[in-house]
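The values are calculated or read from the model by the stated rules, or taken from the named source; none is laboratory data. Note that this is a predicted model, so its numbers are computed, not measured. Cβ sites come from the backbone with ideal geometry, for glycine too, and all protein chains shown count toward neighbours. These accessible areas exclude ligands, DNA and RNA; they are computed on the full protein's heavy atoms, side chains included. Shrake-Rupley method; radii C 1.70, N 1.55, O 1.52, S 1.80 Å.
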Amino acid sequence: MRRMVWACLTGAAAIWHMPEPVQAQVETSVRPQIRPAVLDDITARQVPQAQVILAASIRPVLRPSGLATRPAETATQVSVQDPKFRAWVAGFKGRARAAGISEDVFDRAFQGVQLDPSVIKLDRNQSEFTKQIWDYLDFAVAPTRVTNGEKMLRRHGRTLDRIEAQFGVEKEVVVAIWGMESAYGERRGDRPLIESLATLAYDGRRGAFFEKQLIAALKIIQAGDVAPRNMTGSWAGAMGHTQFIPTSYEAYAVDFTGDGKRDIWSDDPTDALASTAAYLKRFGWTKGQPWGVEVKLPSGFDPGRARREFKQNPGAWASEGVRDMNGQAVPNYGAASILLPAGIQGAAFMIFNNFAVIERYNQADAYVIGVGHLSDRITGGPAIQASWPRQYAPTSIEEKKEIQRRLRRKGFGVEKIDGVVGPNTIGAIRAFQQSRGIPADGFPSQQLLEQLRGQ
């Protein structure tokens, strides 16, 4: 799950008492930056097959952005009995057998599997439009999502209490991820996963990655966790209530019900919720530590100090005038950074290590803030109190590329002209702003673009 942010999806040990598996770090996920449940809300009001690119996100994301459900225009699968695809399947069978997949499992899993051009179309031809972080959060933490989260906390209260006791991850955080990933199980994805992964592996754009996911999916079937016909998910390979990719599932999913299966697909969300908690625990969740706290910054605060790598304890921040929204010093939850997701004119957060743990699930700042804030709201916390700079017109991908080109021409050290506003670009923006006496918030705004054009 990284540069997934969309980061990887999920997982943990297989039985409650089993030790956590010793695994290499889970690789980058292909899941979307805007989670499926949120993306469905956005696209219902705007454009289909859309990947939302957050103007305020400071971390790159890998495509494709897997929708949890099929867009209307691709609801009818176009199956093609492509001879080259059949030849690829025959060759892949040998590689699967070498990886330990039995012939019987392979044949059952690939029964009826054909090339699905709609998956390739989704991978290659996604529309892109810009979505500011405040617009994203309007959907991610909408009143209905908060209300439904409160209902899920009550409905699954006993199970969630047991999961929290077992893994030491607050139940409201687990529920918030569930809400962000699949609208509390309503949008788990209905595509046959083996067919989607086989199509993407054959297509070759990221064939090695998808072939690895396909091998993992076959191992899941071989372990008896799910029948091939019930292994469904998004077109990009994310599965179940909390949208695991197969390698993450294989490494971290748990059988919390004790029925011998790690079932994240059925209507019962128990195993999926426990697996999500196990995943967060595996990557260092600290119970009792917030993901972040909204704060007020003192007048004259240097936005250049709002960097992830600059950390100090809340007491040190308080000595500089940083306070919570009630004017009090933030309790000492550990080393913390200041995050300005929309620049100096938007909300400010003091973020802790648990922010980075959620980030392992999905690397976008907006996603982590969405999960964290949703978890706060479903337990009665207030809405974000600061105003957002909604007057800012968003910058498109091409405009971000122009910002990068102009910064590079002026000698500000941009490494890539890719429209992704990551730490390198933010640093270059800040350096430019500082050189011109502009508040150095690192935000890729239309105002910044005009300043660069005018220099």
Using a 1.4 Å probe on the protein chains only, how many percent of the accessible area of the stretch 306-355 belongs to carbon and sulfur?
42 percent
If you take every residue apart from Ser299 with its C-beta less than 13 Å away from the C-beta of Ser299, what net charge results, scoring Lys and Arg +1 and Asp and Glu -1?
0
Model label zone, Arg124; criterion: amide N under 20 Å from point 7 Å along Cα-to-beta-carbon; scope the stretch 183-201:
195-201
To the nearest Å, what is the center-to-center distance of the stretch 255-293 and the stretch 187-237, using C-alpha atoms only?
21 Å
Going through the cross-link list Lys84/Lys401; Lys212/Lys281; Lys121/Lys151; Lys93/Lys261; Lys287/Lys311, which pairs have a Cα-Cα distance over 31 Å in this structure?
Lys84/Lys401; Lys121/Lys151
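To the nearest µm²/s, what D does Stokes-Einstein give for the stretch 160-282 at 10 °C and 1.306 mPa s, using the Kirkwood radius over alpha carbon pairs as Rh? Before the final figure, lay out each step's value.
Working: Rh = 14.4 Å.
After rounding, the answer is 110 µm²/s.
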Quick one: if you stick a label point 7 Å off each Cα along the C-beta vector at Ile397 and Asn332, how many nm between them?
4.7 nm
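If Lys and Arg each add +1 and Asp and Glu each add -1, what is the summed charge of the other residues whose beta carbon sits under 13 Å from the beta carbon of Asp267?
Around Asp267, the surrounding residues sum to -2.
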Just to be sure I understand the model, the point goes 7 Å from the Cα along the line to the Cβ. What's the resulting Asp161 to Thr147 distance in nm?
2.7 nm
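With a sphere of radius 14 Å drawn around the Cβ of Ile417, what net charge do the other residues whose Cβ falls strictly inside it have (Lys, Arg +1; Asp, Glu -1)? Walk me through the numbers on the way to the answer.
Values: positive: Lys400, Lys401, Arg405, Arg406, Arg408, Arg409, Lys410, Lys416; negative: Glu398, Glu399, Glu402, Glu415, Asp418.
Residues close to Ile417 contribute a combined charge of +3.
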Rounded to the nearest whole Å², what accessible area per residue is found for the stretch 75-219 with the 1.4 Å probe?
43 Å²
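What number comes out for accessible area per residue over the stretch 287-361 if the probe is 1.4 Å? Units Å², please. Kindly include the intermediate steps, with their values, before the conclusion.
Details: 2970 Å² over 75 residues.
Using a 1.4 Å probe on heavy atoms only, each residue of the stretch 287-361 averages 40 Å².
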